[in-house]
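To start, the structure under review is shown below, and the notes come after it.
The values are calculated or read from the model by the stated rules, or taken from the named source; none is laboratory data. Just so it is clear, the structure is predicted and the values come from calculations on it, not from any experiment. Note that each Cβ is placed from the backbone with ideal geometry, even for glycine, and that neighbours are counted across all protein chains shown. Note: accessible area is taken over every heavy atom of the protein model, side chains too, but ligands, DNA and RNA are not part of it. Shrake-Rupley method; radii C 1.70, N 1.55, O 1.52, S 1.80 Å.
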Amino acid sequence: MNPVIRFLKDFGHFWIEFLIGDDWKLFALVVAVLVLGGLLLAAGAADTTVVLACALVTLAGFCAELVLDLRLQARKAHR
Amino acid sequence: MNTTLWALLAAVYVACIVETVEATTVVLAMGITRGWRSTLLGVGTALVALAAVTTVGGYALIHWLPVSALQLVIGGLLLAFGLQWIRKAVYRASGRKSLHDEDEIFSRQLDAARAAGERQPFDMFGFMVSLKSVFLEGMEVVFIVLTFGLNAGRIPAASLAAVAAIVTVVVIAVIARRPLAMIPENTLKYGVGLMLAAFGSFWAFEGLGVLRAGRASVEWPGADWSILALLVAWFLVSRVMIRALRPASEPAVDDVAQPSEVLS
């Protein structure tokens, strides 16, 4: 492959890897938490409630994602 | 200078050390096997491209986005970025993923460079590989400097921390003339992941204010002190997950890793 084309392809791949990473579920978690925060604000929740709820959901979601990811990997390995 | 600024500078410095070490490993391998002329030309071209991206990107972000939108977008990206780093650190420390090893990467790069065939009058392989490596690792440095610098309103200080990190690594590499495996990269990546997640959560949730009338940022209880609380929370959660994910039958990574790589 032409080195320039390979560089452009790698550059595109880099941005996907950079922003979404090798586990899209974590990126989805961040988006979901921000949507939740937006909904809480729209519902008139106090600032403290919004930031604490978002922080707790992110921490819990991160733990759940790691456990889920390992289970998926184990299931793949069994097949 | 306040505590938040020191924490910010430390995060930028350590993150840039990690990225520069990774780029240096590839540049060293190319320089040794393919010759320094094309390798250094690749490095120079990457640095010029990075300077252009930083100038254009920084100008656009400063002038086009309101503060709360900047906090939301940049904080969200930092948080996503930080979660990826913590995830890898948790897997490495619990023995689910192999440790990052610069010596092994260096050896792989040497093999690839030797297998790439004869050099032309100008060695395109060495040029492109070093250009790509420095540009892609450099983009991460630019991202970290711009995000931390813009949100804290301290671009010059963040840039200075990044330059100090690059100079530190380059000086050590020139003296050592080998990959910098002695730098405890796994531990540094874990620390950077915690800081990215803490600052990212703080700014992203502050930035939600862009969605309400007046676009005023959402206030955290305790203001900047919340960053410290977030850092502690992410640290505790990561330790719990390392312990929980450790396979029962295998020895803990802390028992088999080099002393400098122990994550506790």
> Which of the residues spanning segment B:152-171 are touching a residue at least 60 places away in the same chain (Cβ under 8 Å), closer than 16 Å to B:ILE62 by Cα, in a helix (DSSP H, G or I) and open to solvent by 30 Å² or more (accessible area, probe 1.4 Å)?
Replying inline: B:ALA152, B:ILE155
> Counting only residues that are under 14 Å from B:GLY149 (Cα atoms) and at pLDDT below 85, which one in segment B:12-59 is most open to solvent (accessible area, probe 1.4 Å)?
Replying inline: B:TYR59
> Has segment B:172-194 got any residue that is free of Cβ contacts under 8 Å to residues at least 24 places away in the same chain, away from chain A (no Cβ under 12 Å) and under 19 Å from the mean Cα position of the chain (by Cα)?
Replying inline: yes
>> So, in segment A:18-66, how many residues would count as being open to solvent by 30 Å² or more (accessible area, probe 1.4 Å), over 20 Å from B:LEU208 (Cα atoms) and within 8 Å of chain B (Cβ to nearest Cβ)?
In response: 3
> For B:TRP220, are the conditions met, namely being modelled with pLDDT of 90 or more, open to solvent by less than 70 Å² (accessible area, probe 1.4 Å), within 18 Å of B:GLY82 (Cβ to Cβ) and assigned to a helix (DSSP H, G or I)?
Replying inline: no
>> For segment B:61-91, give me each residue that is touching a Lys or Arg at 6+ places or on another chain (Cβ under 9 Å), within 11 Å of B:GLY207 (Cβ to Cβ) and open to solvent by 10 Å² or more (accessible area, probe 1.4 Å).
In response: B:PRO66, B:VAL67, B:ALA69
> When only residues in segment A:67-79 that are more than 9 Å from every other protein chain (Cβ to nearest Cβ) and not aliphatic (A, V, I, L, M) count, which is nearest to B:LEU231 (Cα to Cα)?
Replying inline: A:ARG71
